[in-house]
Amino acid sequence: MGKNLKLKAARAAMDMTQQELADAVSVTRQTIVAIERGDYNPTVRLCIEICKVLGKTLDELFWDS
Amino acid sequence: MRCRNNLDERQLLQRGNVFQHTLILLVVLLIANAFLKEEGIVWAEGMWENILIVWAAISLCFCEFIFLEIYPMGKGQTAFYAVLGIAGMAILGMSFFHLAAGTESLTDGYMLTSQGGMVLEAVFLIVIFLVSVFQKLYHRKRREDEDEDEE
């Protein structure tokens, strides 16, 4: 699993830190770090939460084309 | 998204893995001990064999929890590890006092005495504490690296 650069870019575009995103979706900062690095495959539920906070769709953030 | 004990989904997954490792170690050690007993080899006095096997498994469990930053007890977990460390040092201190006085010995032939068992238990407790201290330093360094990476 490669790095999730789309998530990182979307977060940066919203001017959010990893900690702020983690707090917004009620997970630890390490979990956001792991998702961005591609070390952890989040559940659909968490993906949806992240998408809602960042104002993106699941396809935009989590679909590898 | 977090459960009752404040762990998120990734931490819950890791906690399951830690329990799995602990169970495997416990089973392996118990089987090894059973084989040793079958061969007539007693490596620790009385019930210390079983106590030390359980402590070895518990220590692995705690060390993995610490390293993966999983705190099932919440913020009180750090204080708990400190208490374990202090208890370990107290037990070790008392044991050295007895050993220095010459009233007890660590081993009796190839077998650990109850005093030896206590020393080993104290070592497990101190190892848990030391791993928690090391983790604090290591993760602080790693967090700084991640922050630099984020920028």
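Find the helices (runs of 4 or more DSSP H) located wholly in segment B:1-103 whose residues include 2 or more that are in contact with a strand residue (DSSP E or B) (Cβ under 7 Å, 6 or more places away or on another chain) and crowded, with 19+ Cβ neighbours inside 10 Å, and list them.
Hits in segment B:1-103: B:48-67.
If you go through segment A:52-64 one residue at a time, do you hit one that is modelled with pLDDT of 90 or more, out of contact with any Asp or Glu (no Cβ under 8 Å at 6 or more places or on another chain), under 21 Å from residue B:69 (Cβ atoms) and surrounded by 15 or more Cβ atoms within 10 Å (Cβ to Cβ)? Within segment A:52-64, not a single residue is modelled with pLDDT of 90 or more, out of contact with any Asp or Glu (no Cβ under 8 Å at 6 or more places or on another chain), under 21 Å from residue B:69 (Cβ atoms) and surrounded by 15 or more Cβ atoms within 10 Å (Cβ to Cβ). Being touching a Ser or Thr at 6+ places or on another chain (Cβ under 6 Å) and over 30 Å from residue A:33 (Cα atoms) holds for only one residue in B:118, B:89, B:111, and it is B:118.
For segment B:136-149, state whether one or more residues are under 30 Å from residue B:76 (Cβ atoms), open to solvent by less than 40 Å² (accessible area, probe 1.4 Å) and of a type outside the set (Ser, Thr, Tyr).
Scanning segment B:136-149 turns up at least one residue that is under 30 Å from residue B:76 (Cβ atoms), open to solvent by less than 40 Å² (accessible area, probe 1.4 Å) and of a type outside the set (Ser, Thr, Tyr).
For segment B:10-63, filtered to residues that are of a type in the set (A, V, I, L, M) and touching a Cys at 6+ places or on another chain (Cβ under 9 Å), the residue that is farthest from the other protein chains (Cβ to nearest Cβ) is B:25.
Within the set A:6, A:56, the sole residue that is within 9 Å of the chain's Cα centre (by Cα) and on the phi < 0 side of the Ramachandran plot turns out to be A:6.
The values are calculated or read from the model by the stated rules, or taken from the named source; none is laboratory data. Worth saying up front: this structure is predicted, and the values here are computed from it rather than measured. Every residue, glycine among them, receives a Cβ derived from its backbone with ideal geometry; neighbour counts consider all protein chains shown. Note: accessible area is taken over every heavy atom of the protein model, side chains too, but ligands, DNA and RNA are not part of it. Shrake-Rupley method; radii C 1.70, N 1.55, O 1.52, S 1.80 Å.
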